[in-house]
Amino acid sequence: MKSTLQIISKAGQYIWLAVMAMVLLWSNSADAVPSFARQTGMACAACHTVFPELTPFGRQFKLNGYVISNLKTIKDITLNKEDILELNAMPPISFMFQTSVTSTNKALPDANIPGHLAQDGTFEFPQQASIFFAGAISPKIGAFVQATYSSASGTFGFDNTDLRFADNLSNENRDFVYGITLNNNPTVQDVWNSTPAWGFPFEGPDAAPTPAAATRIDGSLAQNVGGASAYLWWNNALYAEAGVYRTSPQGFQNGTTGGNGPIDSSAVDPMNGVAPYWRLAYQAQWDRHSLEVGTFGLYEEVFPTHLNPAPLVQVGANGPTDNFTDVAADAQYQFIGDEHIFTVLTSYIHEDQDLHGSVNSAIINGLTPPNSHDTLETFKITGNYYYHRKYGLSLGYVNTWGTTDTALYAPAPVTGSNNGSPDSDYFIAQATYVPWLNTKFVLQYTAYNKFNGASSNYDGSGRSASDNNTLYFLGWFNF
Amino acid sequence: MNRLFSMAVLFPLVTTSVLAAGPETHENQPTTGEQAAALTKIQQTAPSEEQITPELKDAAAKLAAQECALCHGRSGQSISPTFPRLAGQRAEYIEAQLKAFRDATRKDPDAQAYMWGMASQLTDPIIEALGHYYEQLKPVAPNPVDSRQVAAGKEIFERGIPAQNVPACQTCHMAQAQGAGLFPRLAGQHAAYLVKQMNSFKNGLRVNPVMQPIMQSFTSEQMEQVATYLESLP
């Protein structure tokens, strides 16, 4: 009985979401937009070229702590005229719903998904559904908190989160903002889309194979760390930020107790101490153009348990560490016209991997690591064009290459590498249609030239890089 | 002589139009008598700032530097032509526009997208203080431009286009395009912004009984010419 009810209520949820999506598609008002828009009273276009890419004002809004508000507030003051409450009359809640269809050039082998048959063409409804708390908490504190249900993992948990305090000290003679951010993904706090967290592709499949090698700062730490950093934003031109991250895993089960949550250092990939993060960027603006050039990086010491097969052979949180140094350069150019918008995003990430921890304990994949020192490089470049913020075309290229390491990149069907090389390179072509500023449809094609080290038989099981070419369709609704 | 004549003809027109375009309902709406009195000041210099308290002045300066500046630039000198320059703009004109944004009567697309929200919670006193704040800021002198565009634009601005029944812009916007009262300053404004507004008047997106008829017969080329000339003015 209960399960029937559960099924009905679940179906009801989906129907409700689908109806909401329909209403949005055909409704005649464009004011059904997420909470930042509700709070500022501005259309999405004030902050985004096409979401999630930020305009210069969008960057300002974020750096000012998400607090600019044009809503009626509920107030209280003390007898000394000290403000003690300034609460927006409307809670800044909004929703996101993503549904997608993913199809790879060649279906994955059945054996790859134990107990399942490989169906080529994965329909995810939803791929993700999120609730946001995004807006001002008090006059100088604001938050962007995203909690996401992900179909792939079947779990609901914290997604990108950025809580900040910001103070604006600008006057007639200077523009100056400083602040502090608490967040759970290095670069999620950044305001340029040339950095990993909000970079291109802005959306992508979670039901297709992706290359094995990625630098630590390029998504590996997302939602598995917590960090704090302080920043300065001077003269609308110079941005400087420094902070630290510490392992803060989510959805982790304690190995000893079987209960929820890690105890002390029992997490996967625990860091030794904290990982320093830094960011420096310079932005120039003229007429309708803006150009940013910058650099960012992270240094991390990890107790190497990450690639261990179960049962975990742990070095212990006081043993030797693997040390990763990521240093990146990035640049972004934007032209924002009334009709045409054009942006270029590019980054180069260099990673130095000092693997002495793994080498000393010979634990990578149970194999003896051949190298004590690897490097990994990633270069990305994307051009986006939008016409009237409605029709968009994007072309991106990603190239990753580095030291051959037969322990790190070992043969395995689909996901492995036959020759131990991390090299992959691919193009992403994308058409975007934005019928309403809060609704986006994406048709994306990813074409691999090289995947995990080779173009053909890259995995040692006869799969070609182009077998992983992926066609992806996404419907994205924000309300 | 000619100019006096057109003033005499146009003034009642402007008066009625401004009244007609005024806010429909608002708590602090001035009475029609007050509005009429304010309108008689159109041809005079800016009204005195005596009523604006020091606290309001500070609040306006702070708001301008910390929020308005994010789009309109520090000291009202915006960078992108999406955002109009406000330095030196007429106080009364700014007030009228902020009220028109607040009351959702200025409806051109970017007005809705950006300024309806920004102006929604502004009170009449802070609007007045903001107007005075921007009026006293010195506009930055542009680099002088000398081109055929500019010469053609100057001709239109100073003499109108008699063949199309377009009056000389300077009759209302003043000889140096410095504006007066409810007639906006156009000198030094972003050309692309001016063209966008002229188009909005022409196609009715921005409702104004004075400017709409003037723009009806304007061609895109003439808009470009006059806007290029105006942006080149200090």
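Only one of the numbered conditions (1) under 18 Å from B:N208 (Cα atoms); (2) part of a loop (DSSP other than H, G, I, E, B); (3) away from chain A (no Cβ under 14 Å) is not met by B:Q89, and that is (1). Scanning region A:64-84 for residues that are of a type in the set (A, V, I, L, M) and surrounded by 11 or more Cβ atoms within 10 Å (Cβ to Cβ) yields A:V67, A:I68, A:L71, A:I77.
If we scan region B:167-183, do we find a residue that is free of Cβ contacts under 8 Å to residues at least 40 places away in the same chain, hydrophobic (A, V, I, L, M, F, W, C) and not in a loop (DSSP other than H, G, I, E, B)? Within region B:167-183, not a single residue is free of Cβ contacts under 8 Å to residues at least 40 places away in the same chain, hydrophobic (A, V, I, L, M, F, W, C) and not in a loop (DSSP other than H, G, I, E, B).
Here is a check on your reading of the model: is B:K62 within 14 Å of chain A (Cβ to nearest Cβ), charged (D, E, K, R) and either free of Cβ contacts under 8 Å to residues at least 24 places away in the same chain or buried (at least 18 other Cβ atoms within 10 Å of the Cβ) (or both)? Yes, satisfied. Considering each residue of region A:117-131 in turn, none proves to be within 14 Å of chain B (Cβ to nearest Cβ) and either over 16 Å from A:K62 (Cβ atoms) or under 26 Å from the mean Cα position of the chain (by Cα) (or both).
Counting residues in region A:47-58 that are modelled with pLDDT under 85 and within 11 Å of another protein chain (Cβ to nearest Cβ) gives zero.
Just need a number here: residues in region A:175-189 that are surrounded by 23 or more Cβ atoms within 10 Å (Cβ to Cβ) and in a strand (DSSP E or B). Even if it seems obvious, please write down each step before you answer.
Our first condition is that a residue be surrounded by 23 or more Cβ atoms within 10 Å (Cβ to Cβ); within region A:175-189, this holds for A:179, A:181, A:183-187, A:189.
In the following step, the residues that additionally are in a strand (DSSP E or B) were identified as A:179, A:181, A:183.
Number of matching residues: 3.
Pairing each residue of region B:205-225 that is assigned by TED's automatic domain parsing to the domain that holds B:L186 with any residue that is of a type in the set (D, E, K, R), provided the two are 6+ apart or on different chains, yields C-beta distances under 6 Å for B:L205/B:D108; B:R206/B:D108; B:M215/B:K202.
Quick one: would you say A:N418 is surrounded by 16 or more Cβ atoms within 10 Å (Cβ to Cβ) and more than 28 Å from A:D330 (Cα to Cα)?
On the way: surrounded by 16 or more Cβ atoms within 10 Å (Cβ to Cβ): yes; more than 28 Å from A:D330 (Cα to Cα): yes.
Yes: the conditions hold for A:N418.
I'd like to verify a number: residues in region A:225-240 that are in a strand (DSSP E or B) and at pLDDT below 95, how many? Spell out how you get there, then give the answer.
Taking region A:225-240 first, the residues in a strand (DSSP E or B) are A:225-234, A:238-240.
Next, only the ones that are at pLDDT below 95 stay: A:225-227.
Result for region A:225-240: 3.
Tally the residues that are within 14 Å of another protein chain (Cβ to nearest Cβ) and farther than 12 Å from A:N64 by Cβ, restricting the search to region A:132-178. Matching residues across region A:132-178 total 5. So, A:P413, is that one touching an Asp or Glu at 6+ places or on another chain (Cβ under 6 Å) and surrounded by fewer than 19 Cβ atoms within 10 Å (Cβ to Cβ) or not? Yes.
Yes or no, residue by residue, for (1) outside any strand (DSSP E or B); (2) among the basic types (K, R); (3) in contact with a Cys (Cβ under 8 Å, 6 or more places away or on another chain); (4) modelled with pLDDT of 95 or more:
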site	(1), (2), (3), (4)
A:I349	no, no, no, yes
A:V359	yes, no, no, no
A:L376	no, no, no, yes
A:R389	yes, yes, no, no
A:Y397	no, no, no, yes
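Considering (1) within 14 Å of another protein chain (Cβ to nearest Cβ); (2) touching a strand residue (DSSP E or B) at 6+ places or on another chain (Cβ under 9 Å), the lone condition that B:E155 does not fulfil carries the number (1). Whether a residue is of a type in the set (A, V, I, L, M, F, W, C) and modelled with pLDDT under 85 was assessed, and A:V33 passes this test. The single residue among B:A192, B:A180 that is among the small types (G, A, S) and more than 28 Å from A:H340 (Cβ to Cβ) turns out to be B:A180. Within region B:184-209, the set of residues being buried (at least 18 other Cβ atoms within 10 Å of the Cβ) and in a loop (DSSP other than H, G, I, E, B) comprises B:P184, B:R185, B:L186, B:A187, B:G188, B:Q189, B:H190, B:R206, B:N208. On the given criteria, is B:L194 modelled with pLDDT of 95 or more, within 21 Å of B:S217 (Cβ to Cβ) and either touching a helix residue (DSSP H, G or I) at 6+ places or on another chain (Cβ under 9 Å) or more than 14 Å from chain A (Cβ to nearest Cβ) (or both)? Yes; evaluated as a whole, the condition is true for this residue.
Of the residues in region B:151-161, none is surrounded by fewer than 17 Cβ atoms within 10 Å (Cβ to Cβ), in contact with a helix residue (DSSP H, G or I) (Cβ under 6 Å, 6 or more places away or on another chain) and at pLDDT below 95. Take the conditions (1) under 15 Å from the mean Cα position of the chain (by Cα); (2) more than 19 Å from A:I68 (Cβ to Cβ); B:V140 misses just one of them, which is (1).
Residues checked against (1) facing another protein chain (nearest Cβ under 10 Å); (2) among the acidic types (D, E); (3) in contact with a Ser or Thr (Cβ under 6 Å, 6 or more places away or on another chain):
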residue: B:C68; (1), (2), (3): no, no, no
residue: B:C71; (1), (2), (3): yes, no, no
residue: B:I79; (1), (2), (3): yes, no, no
residue: B:T82; (1), (2), (3): yes, no, no
residue: B:R85; (1), (2), (3): no, no, yes
residue: B:Y93; (1), (2), (3): no, no, no
residue: B:A100; (1), (2), (3): no, no, no
residue: B:A104; (1), (2), (3): no, no, no
residue: B:P109; (1), (2), (3): yes, no, no
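Checked against the criterion of being farther than 19 Å from B:G181 by Cα and not in a helix (DSSP H, G or I), the candidates B:I156, B:I79 yield just one match: B:I79.
Only one entry in A:T432, A:T415, A:T446 is part of a loop (DSSP other than H, G, I, E, B), of a type in the set (V, I, T) and out of contact with any His (no Cβ under 6 Å at 6 or more places or on another chain), namely A:T415. Of the numbered criteria (1) more than 27 Å from B:A60 (Cβ to Cβ); (2) assigned by TED's automatic domain parsing to the domain that holds B:Q97, the one B:I127 fails is (1).
Tallying residues that are polar (S, T, N, Q) and at positive phi within region B:132-189 yields 1. A search for C-beta distances below 7 Å between a residue of region A:345-360 that is free of Cβ contacts under 8 Å to residues at least 60 places away in the same chain and any residue that is part of a helix (DSSP H, G or I), counting only pairs 6+ apart in sequence or on different chains, returns A:S358/A:I364.
The values are calculated or read from the model by the stated rules, or taken from the named source; none is laboratory data. Since the structure is predicted, the reported quantities are computational estimates derived from the model, not experimental observations. Here Cβ is always computed from backbone atoms with ideal geometry, including for glycine, and neighbour counts include all displayed protein chains.
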